[in-house]
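Q: Below: one structure in structure tokens.
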Amino acid sequence: MVFEGRVWKFGDAINTDLMMPGAEVLAQPGLSDKEAAKHCMSANRPGWAAQVKEGDIIIAGRNWGCGSSRPAARLFKALGISVIVADSMSRLFFRNAINIGLPVLICPGCSAAFAEGDQARIDISSGEVRNLFSGLVCQGEALPEDSPPAQILRAGGLKNLMQMEKGE
Amino acid sequence: MGMTMAEKILAEHAGRNEVKAGEYVWARIDGTALTLSAVRRLEEYGIKKVFDPNLVYAVEDHFAPPPTVGAANNMVAMREAVKKYGIRNFFEYGRHGVLHEIFPQYGYVSPGDLIVSVDSHSTSYGCFNVASCPINEEAPYVLAKGQLWFRVPPSIKFVLNGRYPGPEKFVVGKDIILYIAAKYGTDIGLYKSVEFTGPVVREMSMDSRFTIANMGVEIGAKFAIFPCDEKTLKFLEGKMRRPARPVAADADAIYENIYSLDVTELPPYVACPHDPGNGVPVMEVEARRVKIDQAFIGSCTNGRIEDFRMAARILKGRKVHPEVRLIATPASQLIWHQCLREGIWEILAEAGALVTHSTCGACFGGHLGLLGDGEVCISATNRNFQGRQGSPKAFVYLANPATVAASAVVGYITDPRKFL
């Protein structure tokens, strides 16, 4: 799986309360992912969600997605983000993303290799992260091909995997 | 090769003699919760039955009881799901509590268990020698199959040494975990199993151990595990549905790192906005004269009896500052009842505090005590992220319940030890 796109940069410890605010999203049951996504990062980066285009890529610092288990990965999918790469990532965000089929890659040092607006090329299978503007390359932690998360990602999420298992 | 507590529990549940950090395994789980978000997804996934209706516990805590029609409709769906799937254990409002308090109180955890539940603070059961971690999107899969994939995490260990000041001195588990988050960073335990051991752990009440395991997720932990001792077994005695199968780490178990700290001189700690890792000794914040609008004691982090007993000691015969509101929200209705019996609610009411029923309410910015623009709150909860408890323009300081009670009386963030 290879993705190319424009880069949005985020810093360290961006938590899921910022991604999916409790008062605007959790306390309003029935919002679709698309509607909820409009509030994504509204506290720390107002107006950002409206600027995201299909295929954009997020490059973030340490501990991306820390905090609450709320399914914030869905909102990035709804915004059209193709892949999220971070220096390090919370276990919950990592799993939530994989389980809905949103590609994510842990790549220590990636944050320093990109500026906002750069063009990135991310190879999820090999773990290679390339800055197409500067030529800088970082090596991320590719998932072993036969590991459950790699299987789930290839199936496009846990729901698809379950349906495939049923069909067997 | 020796194994850590996490490795032993994962090996047992994966049907293996041994597992090593970095491996992927499929493991059976001993129990899980049915929460609101999972109810909706059961339909979406087309799941006809749950793996074992006796091991699925239906608890709604975040919106207890519904503040909106939308939330009320979600509860209609939840009660229907409880009937449809034959869930044996459902906690109707009034007999409810925050999920993490319900599980141990009703015996749904036993030492040696592997538990997963929707909600990040599912690390809490680690204080009962359980490997327990949060999930979210996987919930329908777990509910249908009773198993899940795990990456066997590397382990780190915190050895707590020295003399434990304890609730008598207003320095408790909360201060230790805030200190760890400040000193070592909120990603020190990222995707790892974090073990807490040492003489101070033995001195600590189950309530304080619970707070540390609960906030394990605030330092990134997958599991936050304590050894099993006589206090663990005494708490669970007569409650457990399964026999205890305690695990201890082998002497030659492999740890990525071992951190030893002495807590003898630890003061009450306060995490400043907007991160749980921004902790400093309370005296530093007191020196800045931080005026507060709201004080909050409660949640799954600090809504237990040790917490309210400390607060009551300070509030007895005193009044909440005229420009402050103090809100007390117990972790479960069982604790609400215990506080009633012990006369704690009377002390809080006479001090001018607002006592609510058990709910996640204000802690996650849902209802029952949100903050407005520019307001400052001192909170015995787990997170002070920007916008977490309401307005993104509000400021939340995290502290132990004694610090919150003392600050509520004085009107500024205050060292509770002046009330000793």
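Q: Looking at region A:116-123, can you tell me whether even one residue there is outside any helix (DSSP H, G or I) and within 13 Å of another protein chain (Cβ to nearest Cβ)?
A: no
Q: Okay, moving on. In region A:156-168, how many are away from chain B (no Cβ under 12 Å) and at pLDDT 90 or above?
A: Of the residues in region A:156-168, 1 are away from chain B (no Cβ under 12 Å) and at pLDDT 90 or above.
Q: For residues that are crowded, with 24+ Cβ neighbours inside 10 Å and within 14 Å of chain A (Cβ to nearest Cβ), scanning just region B:388-402, find the one that is farthest from the chain's Cα centre (by Cα).
A: B:ALA394
Q: Do we have B:ASP113 as of a type in the set (Asp, Glu) and either within 14 Å of chain A (Cβ to nearest Cβ) or surrounded by fewer than 19 Cβ atoms within 10 Å (Cβ to Cβ) (or both) here?
A: Considered against the rule, which asks whether it is of a type in the set (Asp, Glu) and either within 14 Å of chain A (Cβ to nearest Cβ) or surrounded by fewer than 19 Cβ atoms within 10 Å (Cβ to Cβ) (or both), B:ASP113 comes out as no.
Q: Output the residue which, of all residues in region B:123-153 that are more than 8 Å from chain A (Cβ to nearest Cβ) and under 21 Å from B:LEU42 (Cβ atoms), is surrounded by the most Cβ atoms within 10 Å (Cβ to Cβ).
A: My answer is B:ALA139.
Q: Keeping to region A:129-168, report how many residues are among the small types (Gly, Ala, Ser), closer than 19 Å to A:VAL7 by Cα and more than 20 Å from the chain's Cα centre (by Cα).
A: Count: 2.
Q: How many residues are part of a loop (DSSP other than H, G, I, E, B), within 22 Å of B:ASN129 (Cα to Cα) and in contact with a strand residue (DSSP E or B) (Cβ under 6 Å, 6 or more places away or on another chain) if we restrict to region B:162-209?
A: 2
Q: So which residues in region A:13-39 are of a type in the set (A, V, I, L, M, F, W, C), under 17 Å from the mean Cα position of the chain (by Cα) and within 12 Å of chain B (Cβ to nearest Cβ), if there are any at all?
A: Across region A:13-39, the qualifying residues are A:ALA13, A:ILE14, A:LEU18, A:MET19, A:MET20.
Q: Determine which member of the set B:LEU55, B:LEU42, B:LEU36 is modelled with pLDDT of 95 or more and of a type in the set (A, V, I, L, M).
A: B:LEU55
Q: So is A:ARG62 under 14 Å from the mean Cα position of the chain (by Cα) and crowded, with 23+ Cβ neighbours inside 10 Å or not?
A: Working: under 14 Å from the mean Cα position of the chain (by Cα): yes; crowded, with 23+ Cβ neighbours inside 10 Å: no.
No.
Q: For the subset of region B:266-287 comprising residues that are among the charged types (D, E, K, R) and in contact (Cβ under 8 Å) with a residue 24 or more places away in the chain, which member is nearest to B:ALA312 (Cα to Cα)? It would help to see each step written out before you state the result.
A: Here is the first cut: in region B:266-287, the ones among the charged types (D, E, K, R) are B:275, B:284, B:286.
Cutting the leftovers down to in contact (Cβ under 8 Å) with a residue 24 or more places away in the chain gives us B:275, B:286.
Values: B:ASP275: 28, B:GLU286: 21 Å.
Only one residue fits best here, namely B:GLU286.
The values are calculated or read from the model by the stated rules, or taken from the named source; none is laboratory data. Predicted model, so just to flag it, every value in this text is computed and none were measured. Note that each Cβ is placed from the backbone with ideal geometry, even for glycine, and that neighbours are counted across all protein chains shown.
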